[in-house]
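Taking it in order: structure first as structure tokens, then the write-up.
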Amino acid sequence: MMIYTSSLIPSLHNSPFVPSLSSSYNNSSTSQETSNMVLAAPSEKIQENIKLPIIDLSLEKSQVLKLIVKASEEFGFFKVINHGVPEFVIKRMEDESYSFFSKPFSQKQCAGPANPYGYGCKNIGFNGDNGEVEYLLLHANPLSISQTSKNISSDLIMFRCAVNEYVEAVRELACEILELMAQGLWIPDTSIFSNLIRDLHSDSLLRLNHYPSLSWTPHLHHHLVDHNSDTSPNCNSTLCKIGFGEHTDPQILTILRSNDVAGLQISPQHGLWVPVSPHPCTAFSVFVGDTLQALTNGRFKSVRHRAMVNSCKTRMSMVYFGAPSPNARICCPSELVTTTTPHKPYLYRPFTWAEYKKATYSRRLGDARLQFFRLKSENDETISE
């Protein structure tokens, strides 16, 4: 395992790299379903030798601050280890997730459709995007979890407790990271970002994603493929089927935990995709969201990412999206704006989360959204993202 230090991130600016559709499963044949799969573009560059940052949160604090800021500026992504989230809390949530996705398709449908919360299959959002994925989307509010759980698990208390414990633990991790980010940016009020997701009316979400192997058909298979076994010699071959299309997360910060199956990729620059190793298995992946990019006046980059499908092994991920309350005002702190040399003006106009959320869900999954909130430069041209 390699731990990230400031010398391990290569400069991407000088790199020599050249730089969806049906709403649900139906009874069409497997060949028709395969023909509707979203494929990676043949011109894309997959670069596997870029070392992505892994940050040990138990290191000396001043070092952690520097590493988090550097990773957020250069990649908009990093992994954390020694994060303090109890393993039993993670395992309990994983067990409940596998239990749900192992159910017959007809039973899972009882928890849907995802409008917006609940079970969804293939359809992503409301604007025609699809993928090779089934998912369970939950609001992170305990009352909402209690109400939604009735159609998800036969053991209501067990499922509800598992979700609430997990959400509480990863929310605390997200808040800790956001406070370290604020400190690293020399913002006096270190809770300025974390308070947004601690708000009682926070719009945070938990999304459980299940990416079946390509041989899976929902109305024919009732159980998961064994996620620990290889059933084909091509399991480690290059992945080209897209499970969840490229996008940035609109929220503030995303905390992702997955099983030991590869598939996650990030795009630190246009046309370049970097696979994210599922190891170390104890780590959480952290993504900068659009809202955090605006809150940091563009210093931190909201990274585009996607999930690819493995040909014979199932992948499962548990994703916490830390979001503010709908009426929260999104505007970067004055400490990140300068009127003297070097001149660093406000890049984005103030907006509410409700306003940005509406703009997000009115567009396709892969569309850029933050550019519509960007202020114009002195020559009256919107600065490109």
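The values are calculated or read from the model by the stated rules, or taken from the named source; none is laboratory data. A quick note: this is a predicted structure, and the numbers were derived from the prediction, not measured. Neighbour counts are summed over all protein chains in view; Cβ atoms, including those assigned to glycine, are modelled from backbone coordinates with ideal geometry. Accessible surface areas use protein heavy atoms only, side chains included; no ligands, DNA or RNA. Shrake-Rupley method; radii C 1.70, N 1.55, O 1.52, S 1.80 Å.
List of remarks:
- Residue pairs meeting the criteria (Cβ under 9 Å; at least 6 apart or on separate chains; first part of a loop (DSSP other than H, G, I, E, B), in region 294-308; second open to solvent by 10 Å² or more (accessible area, probe 1.4 Å) and among the polar types (S, T, N, Q)): Arg299/Gln293; Phe300/Gln293; Lys301/Gln293; Ser302/Thr248; Ser302/Gln293; Val303/Thr248; Val303/Ser267
- All positions within region 182-201 that are within 28 Å of Pro116 (Cβ to Cβ), open to solvent by less than 20 Å² (accessible area, probe 1.4 Å) and either among the hydroxyl-bearing types (Ser, Thr, Tyr) or not in a loop (DSSP other than H, G, I, E, B) (or both): Ser194, Ile197
- Selection from region 249-272 of residues that are open to solvent by 10 Å² or more (accessible area, probe 1.4 Å) and either within 17 Å of Glu48 (Cβ to Cβ) or acidic (Asp, Glu) (or both): Asp260, Ala262, Leu264, Gln265, Ser267, Pro268, Gln269, Gly271
- Test result for Glu165, acidic (Asp, Glu) and open to solvent by 20 Å² or more (accessible area, probe 1.4 Å): yes
This table checks each residue for (1) of a type in the set (Lys, Arg); (2) open to solvent by 40 Å² or more (accessible area, probe 1.4 Å); (3) modelled with pLDDT under 95.
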site: Ser325; (1), (2), (3): no, no, no
site: Cys332; (1), (2), (3): no, no, no
site: Val337; (1), (2), (3): no, no, yes
site: Thr340; (1), (2), (3): no, yes, yes
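- Qualifying residue in region 240-248 (condition: more than 20 Å from Val288 (Cβ to Cβ), at pLDDT below 95, in contact with a His (Cβ under 7 Å, 6 or more places away or on another chain) and surrounded by fewer than 21 Cβ atoms within 10 Å (Cβ to Cβ)): no
- For region 113-126, a tally of residues being outside any strand (DSSP E or B) and open to solvent by less than 30 Å² (accessible area, probe 1.4 Å) returns 1.
- Residue ID - modelled with the highest pLDDT, chosen from residues in region 364-376 that are open to solvent by less than 70 Å² (accessible area, probe 1.4 Å) and farther than 19 Å from Thr296 by Cβ: Asp367
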